[in-house]
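The values are calculated or read from the model by the stated rules, or taken from the named source; none is laboratory data. Note that the structure is a prediction, hence the values are computed from the model and not measured. Cβ placement follows ideal geometry from the backbone for every residue including glycine, while neighbour counts extend to all protein chains displayed. Remember, those area values only see protein heavy atoms, side chains included, never the ligands or the DNA or RNA. Shrake-Rupley method; radii C 1.70, N 1.55, O 1.52, S 1.80 Å.
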Amino acid sequence: MGENVVSLNRNPLDALGLPAFEKGTVWLAGAGPGDPGLITALGIHALQNADVVLHDALINEALLKLARPGADIVYAGKRAGKRSCRQSDISRTLVSLARRGLRVLRLKGGDPFVFGRGAEEALTLARAGIPFRIVPGVTAGTGGLAYAGIPVTHRDTNHVVTFLTGHGADGRLPDLDWSAIARGSPTIVLYMARKYAGEIAAKLMDAGRNANEAAAIVSDATFGNQSVQVTTLAQLGDAAAASSAPAILVIGENVRLRTGLDWLGALSGARLDPDPLAQRRLSDAS
């Protein structure tokens, strides 16, 4: 057999030359938005070598089956509106475990540096002199929309996309320049924004956005029970209020591309529209 064929008795990740997970270090890794297949090879490598795995509430727990035998699995999740671990306690625990000489994996949903507290935890480690590595992951704002058949960018709809969080550290809607956002970004992707979706939509419409502009709510993005509700900017608040699942919201004309790019629906028999923006039909009519 050829030299490039990996032995069936060998871990395929060994062929990648991934860095060693040293004792006394912390890896902050993104688990992706839900589908366990979206974790990176480096994330799997971390799971296979960690002595302790502290995971948050939004990971797919199937990934924990990849942890090495004997590893301690610790829930350290935070969910809005629900009793959850204090951030200060999580950060202190990471430091304490690493100082015991353990290989510590902090496994976070999505990407640890995108609207998560990965940077806060990393800065705590830096102050304590603990070596750490950041392992990026697929964030819900891109991966979730891809599973919904909604491209984040498309040259016929937008060259700019803005990612926003729907609430700040105090749990309230951030005080942003909504007029500038409305004018400057054809596509807006909102994390953790169901509670304030109606207020956000009103601010955008007050700033001149079209009330009939396409919008969508992607709930349980990339999980097996994912659901997608296409609506309008004017109806976004009511539509979001009717959902109780974690969701990504998107506003923009690129939402209209879903009728041609809903590949998950097509796998279940749905028929796709190859010209979702009606450009070819308009061209043929002219």
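A compact table of results
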item	result
Net length gained if the chain between residue 235 and residue 123 were fully extended (0.36 nm per residue, minus Cα distance)	36.3 nm
Ordering of 141-151, 267-277 by burial proxy (mean other Cβ atoms within 10 Å per residue, highest first)	141-151, 267-277
Shape of the range 171-232, Cα gyration tensor, a/c cut at 1.5	prolate
Fully extended contour minus Cα-Cα distance, from residue 177 to residue 75, at 0.36 nm per residue	33.1 nm
Reach of residue 195 by Cα under 13 Å, taken over aspartates and glutamates that are not fewer than 8 positions away in the same chain	238
Summed side-chain charge close to residue 143 - residues other than residue 143 whose Cβ falls under 11 Å, Lys, Arg +1, Asp, Glu -1	-2
Gyration tensor verdict on the range 164-286 (Cα atoms; rounded if a/c is under 1.5, prolate if a/b is larger than b/c, oblate otherwise)	oblate
Rounded percent of accessible protein surface that carbon and sulfur make up, the chain, 1.4 Å probe	51
Sequence of 232, 259, 222 from largest to smallest accessible area, 1.4 Å probe	259, 232, 222
Antiparallel bridge percentage (DSSP; both residues within the range 109-262; nearest 5)	75
Prolate/oblate/rounded call for the chain, Cα gyration tensor, a/c under 1.5 rounded	oblate
Percent of beta bridges antiparallel (DSSP, the chain, rounded to nearest 5)	45
Extended-chain gain in nm, criterion 0.36 nm per residue less alpha-carbon gap, residue 99 and residue 205	33.0 nm
